[in-house]
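Report on the following structure.
The values are calculated or read from the model by the stated rules, or taken from the named source; none is laboratory data. Source: prediction; values computed, not measured. Cβ coordinates were reconstructed from backbone atoms using ideal geometry, including for glycine residues, and neighbour counts include every protein chain displayed.
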């Protein structure tokens, strides 16, 4: 009787571990904004993630070129169809911004986080995963940021491909973007 109970408990634990997601560590080394299509391109060493975003979030990202923000990435998951979802937060490093900046970030949806006493904007985003072939002709961040991405244990990578040449960036051999038009709006983010 005890053996059956022990075997049942052991199998239940193994089943739970079997279906738990694996986490892959990625190092984000670039953020780029295509202002024509409101697409956020996030790059790592070998992969790229393309997220359609709202215009106000694109505007908030553009602010990071002039003011120091700290980005954070939470609950990122990729499914077997290479759809990526997660939460991105931008936190203004300056606790008391000038009045003009404060009104601008409030209009964009930033809220004053009472716990840390700073303005923060958080958004759920979803997009697609691609692998990078070649070197993207875009400027990299000064510091890379780690991000853990959950994926199923049975995940087979069938990501689309981004082929980069000095003149163009081709996504899945369907969309070709001249690299000049990507606008490489690089986020200048302060180091933690």
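What to note about this one:
- Taking the numbered list (1) surrounded by fewer than 17 Cβ atoms within 10 Å (Cβ to Cβ); (2) modelled with pLDDT under 80; (3) not in a loop (DSSP other than H, G, I, E, B) in turn, residue 169 passes all entries but (1).
- Any hit, segment 4-26, residues being within 19 Å of residue 74 (Cα to Cα), crowded, with 20+ Cβ neighbours inside 10 Å and modelled with pLDDT of 85 or more: yes
- Subset of segment 48-73 (residues that are buried (at least 20 other Cβ atoms within 10 Å of the Cβ) and in a strand (DSSP E or B)): 48, 49, 50, 69, 71
- Check on residue 81, assigned to a loop (DSSP other than H, G, I, E, B) and free of Cβ contacts under 8 Å to residues at least 24 places away in the same chain: yes
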